[in-house]
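Q: Okay, here's the structure, questions in a sec.
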Amino acid sequence: MIPVPKYPEGRDLLRDKVVVVTAAAGTGIGSAVARRGLEEGARVVVSDWHERRLAEKVAEFAELGEVHAIPCDVTREDQVQALIDGAAEKFGRLDVLINNAGLGGSKSIVDMTDEEWTRVLDVTLNGTFRATRAAVRRFIAQGGGGAVVNNASVIGWRAQGEQAHYAAAKAGVMALTRAAAVDVAPHGIRVNAVAPSLAMHPFLAKVTTEELLTELTGREVSGRAAEPWEVANVMVFLASDYASYLTGEVVSVSSQHP
């Protein structure tokens, strides 16, 4: 097994940028990228539908830099718009949107209900669309520039049982990323995505069987799952000026073998 590397120090990759991160109150990639954003010099607005956990996350991050919380359910257009408007009002502008909100679950398509299918797509794909639309409108109103980074998944490329709704949603996020990038390129706005394979955190361990986690880990040539911050590092890069020529790309954050 390839060991987990040393946690990297911040290098001011996002210095003075205003960053919004959706679904940032948990223990996974959203929380990790919010932390990395602060460590890289950004002013960060964290958002989630769970207000108590969101408040706890702000308290945890307070010593790292300027952080502000705005509750948001990405299935509600009014709340998404309030998130983007609130971030710009708090810090004077918006520079980066990290679309991390997503919903999964395991169910064979044989037994899947319309409600289960629709719920996953509404959070994971429609929520990404709503937030992207609101953010790029704000970027254009500011005079252009800005970056959107979406969280997709290798499941958007590779089949996995009992994941039809999640796979369809994440494949949709990939396609949305590419098409949106073309639409907003004339305004100097970039839209990219990451596609992680397996990033381990306590919530995933709680909702996934040990057998499945062992199987998925066995597909990684590194012999381990990614740490959430390892995925967050790539998202920070895509949000930064170091990725100035990248748009419409989906970057696999994976060590999976075929």
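Read the figures in this text as sums done on the coordinates, not as results from a lab. Source: prediction; values computed, not measured. A quick note on method: Cβ atoms are made from the backbone with ideal geometry, for glycine too, and the neighbour counts reach across all protein chains shown.
Q: Quick check: pseudo-label points 7 Å beyond the Cα along Cα→Cβ at residue 90 and residue 119, how many nm apart are they?
A: 2.8 nm
Q: Return an integer: the convex hull volume of the alpha-carbon atoms of the chain, in Å³ per residue.
A: Output value, Cα hull per residue: 123 Å³.
Q: Same structure, new question: Against the longest alpha carbon principal axis of the chain, how many degrees, from 0 to 90 and to the nearest 10, is the axis of helix 228-239 turned?
A: Its long axis makes an angle of about 40 degrees.
Q: Hey, another quick one. Against the longest alpha carbon principal axis of the chain, how many degrees, from 0 to 90 and to the nearest 10, is the axis of helix 29-39 turned?
A: 40 degrees
Q: Something else about it: Between residue 182 and residue 221, what is the label-point separation in nm under the 7 Å Cα-to-beta-carbon projection?
A: Taking the simple label geometry, residue 221 and residue 182 are separated by 3.2 nm.
Q: Another question about this same structure. Name the residues whose placed amide hydrogens come within less than 5 Å of the amide hydrogen of residue 145, ignoring near sequence neighbours (fewer than 5 apart) on the same chain.
A: Result for residue 145 returns 188, 189.
Q: Would you mind checking which residues have amide H under 5 Å from residue 150's amide H? H placed 1.01 Å from N; only 5 or more apart, or other chain.
A: Amide H neighbours of residue 150, under 5 Å, 5+ apart: 99, 192, 193, 194.
Q: Hey, what's the Cα Rg ratio for region 1-126 versus the globular rule of thumb, 2.2 N^0.38 Å?
A: 1.17
Q: Using θ = phi - 60° and the Karplus relation 6.51 cos²θ - 1.76 cosθ + 1.60, list the HN-Hα couplings for region 11-19 in order, rounded to whole Hz, with x at every Gly or Pro.
A: 10, 6, 5, 10, 3, 6, 7, 9, 10
Q: A follow-up question, please. Compute the helix-to-body angle for 127-141: its Cα long axis versus the longest principal axis of the chain, expressed 0 to 90° and rounded to tens.
A: 20 degrees
Q: Now for a different question. Need one word for region 8-69: rounded, prolate or oblate. Basis is the Cα gyration tensor (sqrt eigenvalues a ≥ b ≥ c); a/c below 1.5 gives rounded, then a/b vs b/c decides.
A: prolate
Q: Under 8 Å for C-alpha pairs, at least 6 residues apart: give me the relative contact order for the chain, rounded to a whole percent.
A: Value for the chain: 20 percent.
Q: What area, in nm² and to one decimal, does the C-alpha convex hull of region 54-183 cast on average over all directions?
A: Mean projected area of the Cα convex hull: 9.2 nm².
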